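Asks: Please find one structure pasted underneath; my questions will follow.
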Amino acid sequence: ELDSYRCRHGLGYTVIEGAKNGIEAKQEMFVPLGDACEVIRLTLHNAGAEPRALQLFSYVEFCLWDAVDDGSNFQRNFSIGEVELEPDAIYHKTEYRERRNHYAVFWANRPYDGFDTARDAFIGLYGAPSLPEAVQNGRCTNSVAPGWAPVGAMQFHMALRPGESRELFFGLGYVENPEDEKFSA
C-alpha cells in the first residue's frame, strides 16, 4: 500500500503522484504537438531525514503503429524482433526498419545502469508487468532479445540525500528518416 496516491488528467497530459516510506514520486506524461513521441518526466524526492538508495526500473512493450496487428502478428513480434542498444537508448527495429526505414526508440536523459530487451528475462517466464522478475531480483540481466518479444527495460541506481529531488526524462517514439540512422535527442 502506498502512503498517498493521486492521478489527474488535463488537456493533453497526465500526472501520477505517489509516496511510500518518505520517497515521493511524480510522473508527468504528454505527447508534444507535431512530434511522434511521448515524453515522461519522473521526479523523485526524498522527504525523509536519511539518505536513500533506490533502484528505478522503466519498461515498455513496443507498439509499432498498429496495436491490434502488432499484438496478434506473431511472425513480426515473436520471430523477427530485433533491438539495438546505446548507453541511453533502446531501439526496436523488427521488420519495420528493413522494409519501411522506421523504428521505435526508448530513450533516457542519462545512461542506464542495467537493461533488458527480452520480455521473458525482465518479466519472467510466467510473470506479469505488475511484478516483474527483474524488479523482484533487484536487477536487470542485460538480456538482448534474439527475436521473440523484444521490449525496452532500463534500470537506474538513484541516490537521494534528505530533501533532495532528482529528475529523469524518457523520450518514447519512432523515427522515420531515410537519411538518419540514429535518433538524436
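A short reminder: the numbers here are calculations on the coordinates, not readings from a lab. Being a predicted model, the structure only gives us computed values, none of them experimental. Ideal geometry is used to build each Cβ from the backbone, glycine not excepted, and the neighbour counts take in all protein chains shown.
Asks: For residue 86 and residue 2 in one chain, what is 0.36 nm times their gap in residues minus the Cα-Cα distance, to one decimal in nm?
Replies: Roughly 26.8 nm would be gained on extension.
Asks: Mind giving me the nanometre distance, one decimal, between the label points for residue 161 and residue 128, set 7 Å out from Cα along Cα→Cβ?
Replies: 4.1
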